[in-house]
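Accompanying notes for the structure given below.
The values are calculated or read from the model by the stated rules, or taken from the named source; none is laboratory data. In this text, all values refer to a predicted model and were calculated from it rather than measured experimentally. Neighbour counts run over all protein chains shown; Cβ positions are idealised from the backbone, glycine included. Quick note on the areas: whole protein, heavy atoms, side chains included, nothing else; ligands and nucleic acids left out. Shrake-Rupley method; radii C 1.70, N 1.55, O 1.52, S 1.80 Å.
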Amino acid sequence: MNLYFRLLLLFFKIKRNRDYQSLLDTVDIEYKALPSDCDINLHLTNSRYLAMMDLARTWMTERVGLLSTIMKKRWFPIVNATAITYIRDIKPMQRYTISTRLVGWDHKYFYIEQKFHSARGLHAIAYVRGVFKRKRGVVSIEEMLEAANFDGVAPILPPEVMHWKEMLEQKKITNLPS
């Protein structure tokens, strides 16, 4: 239930937003780990990290000036893959920041890095691969970049993302029916 409340608060924050950033900038959003976010081990539950990452990516989409365009065109984001590494726990009532940035793209997918950090240090780092879809299929990278008014050079994907991308392709090959 508190995720609906947080989503509602995020929409209020989006409505008031007048501060935009570049497509490749890091976008931060702050949260507090509520007791209902935590598991029996008294730390943020694994599934809550992923849910909070969704909210942070929505905020990033707004801050880079894409949310209104995406809504008007009725495009919707689809996560294709996620890899997360947990480093240290987030305790109940602890404040933390999620830093989200687009690290690059290929012929089909966008790659996003998300970091959870606080005064205690880095808590988790995740990579998300995704696309935007519409009724008629996937929105092309070129069309998304045009919607973002991006005319710069594509960043080179970090080595860890390239390795992850190769692993994802190998999973597909290995698991195809004979």
Pull up the cross-link candidates among the aspartates and glutamates for Lys72, meaning alpha carbon to alpha carbon under 16 Å and not fewer than 8 places away within one chain.
-> Glu62, Glu143, Glu146
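Compute the accessible area per residue over segment 84-123, keeping the other protein chains in place, probe 1.4 Å, unit Å².
Working: 1840 Å² over 40 residues.
Averaged over the residues of segment 84-123, the accessible area is 46 Å².
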The set of residues whose placed amide H lies less than 5 Å from the amide H of Val64, leaving out same-chain residues fewer than 5 positions away, is Gln21
Long-range HN-HN contacts of Gly104 with modeled amide H, under 5 Å = Tyr111
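In debye, nearest 20: dipole of segment 13-83 around its Cα centre with unit charges on the Cβ of K, R (+) and D, E (-)? Before the final figure, lay out each step's value.
Numbers: 11 positive and 8 negative charges, 101 e Å.
Result for segment 13-83 is approximately 480 debye, rounded to the nearest 20.
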For the peptides 69-82, 95-108, what is the packing order when you average, over each peptide's residues, the other Cβ atoms within 10 Å and list the highest mean first?
-> 95-108, 69-82
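Relative contact order for the chain: what is it in percent, counting Cα pairs under 8 Å that are at least 6 residues apart?
On the way: 260 pairs, mean separation 39.1, N = 178.
Contact order relative to length: 22 percent.
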On the accessible surface of segment 19-158, probed at 1.4 Å, how many percent belong to carbon and sulfur atoms?
-> 53 percent
Which of the pairs Lys13/Lys135; Lys32/Lys108; Lys15/Lys172 have their Cα atoms more than 30 Å apart in this structure?
-> Lys32/Lys108; Lys15/Lys172
